[in-house]
1. Pull up segment 1-46, narrow it to residues that are outside any helix (DSSP H, G or I) and among the acidic types (D, E), then point me to the one that is farthest from the chain's Cα centre (by Cα).
2. Test G65 against the criterion of being open to solvent by less than 100 Å² (accessible area, probe 1.4 Å), within 18 Å of the chain's Cα centre (by Cα) and without any contact (Cβ under 8 Å) to a residue 40 or more places away in the chain, and give yes or no.
3. Among (1) among the aromatic types (F, W, Y); (2) farther than 30 Å from I6 by Cβ; (3) surrounded by 10 or more Cβ atoms within 10 Å (Cβ to Cβ), which single condition is F55 missing?
Amino acid sequence: MASATIAVRTDPDTKRQAQKIFKDMGLDMSTAVNMFLHQTVHEHRLPFHPGLTQFEQAVLEADSGPKRQFDNVDELMKELRSA
């Protein structure tokens, strides 16, 4: 089977960290990238879900929304229950 070359630019630290993880898994960079490509073709999508975790999204939403201050826990709980 013929092969094609793909050149990818990344920062050296990311490359080093990825190589260590792949080595721990018994893989080299080329095999890991090929696994990613084959899985992408097989699923017709990225083989992972990019984006923020639910926690990260909640933190962003909380930071961007209006700020409220409560004098005690009872007031806070009343507000949370009414939402």
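The values are calculated or read from the model by the stated rules, or taken from the named source; none is laboratory data. Just so it is clear, the model here is predicted, and its values are computed rather than measured. So basically every Cβ, Gly included, is an ideal-geometry build from the backbone, and we count neighbours across all protein chains shown. Each accessible area value is taken on the protein alone, full model and side chains, heavy atoms only, with ligands, DNA and RNA left out. Shrake-Rupley method; radii C 1.70, N 1.55, O 1.52, S 1.80 Å.
1. The extreme case among them is D28.
2. Details: open to solvent by less than 100 Å² (accessible area, probe 1.4 Å): yes; within 18 Å of the chain's Cα centre (by Cα): no; without any contact (Cβ under 8 Å) to a residue 40 or more places away in the chain: yes.
Taking the combined requirement at face value, the residue does not satisfy it.
3. With respect to (1) among the aromatic types (F, W, Y); (2) farther than 30 Å from I6 by Cβ; (3) surrounded by 10 or more Cβ atoms within 10 Å (Cβ to Cβ), F55 is out only on (3).
Residue-by-condition table, conditions (1) at pLDDT below 95; (2) open to solvent by 100 Å² or more (accessible area, probe 1.4 Å):
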site: R9; (1), (2): no, yes
site: Q17; (1), (2): no, no
site: M25; (1), (2): no, yes
site: S30; (1), (2): no, no
site: R45; (1), (2): yes, yes
site: D71; (1), (2): yes, yes
